[in-house]
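For reference, the structure discussed in these notes is given below.
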Amino acid sequence: MSERFDTLFSGMSEENALNLIITDPNQLDNPGVKYLAASRLGACTSQQSLDRLIEVASKESDDLYERITRRKALEALGRRKQKAALPVLIEALTDKDEPTVVNAVDSIARIGASLTETQQQQLLTALNGPDNQKRAVIQAFTRLNLPDSNDVIAELRADLNPLVAGAAHAHALRLTNRDESLGPLLNQLQDTNPGRRRAAVIDLGDAQHLAALEALTRCPVSMPLRAKSAFLIAKAQSKVSRNASSKAKTNAFLETLLQDDPRTLALDPLSPIPPEAQLIRDGLQHRDEARQYAAAKALCEMPAAERLALIDNLEEHQGSDYGVHYLLASCVGLLELHERSDLVRGALQETGPQYSKSRIAAAWSCLRLRLDDQRPLIKELAAEHPWEPLRWSCNRVLEKMN
């Protein structure tokens with residue numbers, strides 16, 4: 001589970017987690033606490049907690065709760081980023097349970113330690129599995145900068161599953177600068193299937209190809225996912241070029257992406273949403289982010305009086321929905337609705353991890369609405385918040401406020 005949600009386990013002590021994770025599930029009223037305990041130990045730093053995670057990650061079982069707990073332990077070891085966990089992660093690659101193998105592969109990549117030739121071959125052997133497992137293995141090779149010495153990954157660029165082929169194209173771009181692999185990934189950003197669009201965003205982040213930045217600013221996929229890939233690209237490029245003009249261009253793309261104006265996104269493959277209240281409500285809560293953005297665009301196009309009434313209604317009845325909360329905080333600023341500035345102030349002050357993207361929208365809205373009274377909080381977020389896109393946004397907003 002993402003570090004952003006560590007607060008969910010704040011009530012579980014490390015000692016309690018150490019005991020729960022090895023307790024027989026039949027002795028627990030709620031066996032699910034075992035895998036919560038694994039996630040809790042992933043946020044710890046002690047040697048005892050690391051040893052316990054390695055112990056649990058090494059145990060195979062036919063019991064469903066034990067299997068899920070093992071998967072969570074494997075995932076948690078990736079968060080700990082300790083090379084001592086590599087042997088148990090490599091061992092898990094031979095398991096017949098796909099989620100177990102995928103979690104082990106992801107953790108190997110996350111630890112980021114050098115692998116021996118034998119370990120590389122063991123990792124490559126895990127390609128012999130379902131497509132989701134293949135994709136994870138290719139991603140690990142890309143993120144660890146491991147070469148495709150036998151052209152096994154290269155052959156998968158022609159795979160019929162675009163999620164497998166896309167990961168293989170990212171590997172080619174990252175390790176061999178194969179520019180012809182960029183086109184298929186850019187095209188996939190406009191796929192009508194939201195899962196394929198999201199996969200392409202991730203693959204472009206892995207590829208770290210500067211030419212993808214502009215396309216990421218326009219892709220109708222959630223801003224945090226695009227931001228993660230965009231920052232990976234920006235960091236990689238900063239290591240190879242210190243050209244001031246190139247840096248300014250990169251920063252301009254990051255700024256456009258983080259401001260996330262739905263009116264500038266590439267929504268052409270979708271049927272537009274008419275500026276009607278019920279259609280907008282439905283669209284804002286759609287599972288496909290492209291539909292959410294299309295609804296936000298329709299909101300921006302409503303007559304002023306109807307728009308304000310709908311914003312108030314949405315805030316009252318759907319404001320607890322994280323996506324709606326974010327888009328309202330964004331649209332109020334984009335439309336410079338000074339009469340709804342309290343909505344922006346409230347969004348900036350939200351401390352729940354699920355509202356972090358709303359705070360980005362609120363920071364940019366504070367700039368547009370000239371809410372100088374929020375400068376102290378924006379300054380605090382710029383200096384201390386753990387999420388880089390929020391820190392970066394707040395720093396840019398402060399620069400422009402000055």
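The values are calculated or read from the model by the stated rules, or taken from the named source; none is laboratory data. Keep in mind it's a predicted model, so treat the numbers as computed, not measured. Note that we place each Cβ from the backbone using ideal geometry, even for glycine, and neighbour counts take in every protein chain shown.
Laid out as a table, the results:
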item	result
Residue within the stretch 65-80 that is loosely packed, with under 14 Cβ neighbours inside 10 Å and without any contact (Cβ under 8 Å) to a residue 40 or more places away in the chain present	no
Hits in the stretch 82-98 (condition: of a type outside the set (Val, Ile, Thr) and part of a helix (DSSP H, G or I))	83, 84, 85, 86, 87, 89, 91, 92, 98
Sole residue being at pLDDT 95 or above, hydrophobic (A, V, I, L, M, F, W, C) and within 25 Å of the chain's Cα centre (by Cα), chosen from 309, 296	296
Residue ID - surrounded by the most Cβ atoms within 10 Å (Cβ to Cβ), chosen from residues in the stretch 212-228 that are within 18 Å of residue 249 (Cβ to Cβ) and either modelled with pLDDT under 95 or basic (Lys, Arg) (or both)	226
Those residues of the stretch 99-130 which are surrounded by fewer than 15 Cβ atoms within 10 Å (Cβ to Cβ) and either assigned to a helix (DSSP H, G or I) or of a type in the set (D, E, K, R) (or both), in sequence order	117, 118, 121, 125
Some residue of the stretch 373-396 being within 30 Å of residue 269 (Cβ to Cβ), touching a Gly at 6+ places or on another chain (Cβ under 9 Å) and part of a helix (DSSP H, G or I)	no
Filter pass, residue 165 being within 20 Å of residue 228 (Cβ to Cβ) and of a type in the set (A, V, I, L, M, F, W, C)	no
